[in-house]
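What follows is calculated from the coordinates using simple rules that are stated; it is not laboratory data. Here the structure is a predicted model, which is why all the values come from computation and not from measurement. Glycine gets a Cβ as well: all are built from the backbone with ideal geometry, and neighbour counts include every protein chain shown.
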Amino acid sequence: MARWPVAGRCKSRLAGELGAARAAAIQRQLTGHTLATARQARRRLPFELVLAGAGCGPRALGRWGAALGCDRVEAQGRGNLGVRLQRQVARAARQGQPHLVMIGSDLPELASADLEAAFTALEHHPLVLGPAHDGGYWLIGLQHSQPALFSGIGWGSDAVLQQTTAAATRLGLVPHSLAWRGDLDRPSDLEHWR
């Protein structure tokens with residue numbers, strides 16, 4: 001899941017302090033790192049690499065995905081993050097994908113071992129979460145479509161992980177947790193990376 005890395009179309013919380021052009025440059029670097037990491041993991045695991053993009057039209061999305069080495073591109077579409085995640089889960093289910101791992105594109109610490117650990121955990125667990133230090137999650141992996149996991153969540157709040165875990169409990173799912181990671185959303189998040 002990534003936003004088109006162009007000034008004014010991404011990283012609005014960073015742009016408020018750093019400016020739209022600098023925020024877009026950070027988004028471009030993070031997205032490149034994310035896709036390079038995923039391509040590295042794909043050398044060891046057979047998975048389809050899909051860029052779910054937002055902020056650009058279909059032709060630009062296709063060119064962007066090709067430049068990043070993706071197998072396929074999908075538009076995220078409208079709606080809050082939960083709706084956009086549900087849409088990707090539904091597409092994967094329609095296409096018969098056995099497992100789905102979704103990550104954002106704002107993870108400076110992301111390593112191919114993280115993705116390998118997620119797919120390995122999905123062999124034995126119906127839900128895998130990568131908890132984030134800000135109260136959200138940096139990865140979600142599913143064996144089967146679970147739309148209710150994305151409903152009633154305070155997206156962008158520090159309660160996303162807690163609310164998702166509570167929704168999982170209601171659905172009878174016990175999430176397997178990966179390592180905690182920090183994502184890069186706010187100017188204060190940059191202090192660790194300077």
Alpha carbon convex hull of the chain, projected area averaged over orientations, nm²: 10.2 nm²
Gln143-Arg59 pseudo-label distance in nm [points 7 Å out on the Cα-to-Cβ vector]: 4.5 nm
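How do Ser105, Ser145, Ser157 rank when sorted from fewest to most other Cβ atoms within 10 Å of their own Cβ?
Details: Ser105 26, Ser145 16, Ser157 13.
Ranked by crowding around the Cβ, least crowded first: Ser157, Ser145, Ser105.
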With labels modelled as points extended 7 Å from the Cα through the Cβ direction, what inter-label distance (nm, one decimal) is found for Ser157 paired with Ala93? 2.5 nm
Using the beta-carbon distance between Glu17 and Arg72 and R0 = 41 Å, what value does 1/(1 + (r/R0)^6) give for FRET efficiency, to the nearest 0.05? 0.70
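So if we plug the beta-carbon distance of Ala7 and Leu81 into 1/(1 + (r/R0)^6) with R0 = 22 Å, what FRET efficiency do we get, rounded to 0.05? Can you show the working numbers first?
Working: r = 22 Å, r/R0 = 0.99.
Working from the Cβ atoms, E equals 0.50.
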Taking 0.36 nm per intervening residue step and subtracting the Cα-Cα distance, what contour gain separates Arg44 from Glu116 on full extension? 25.1 nm
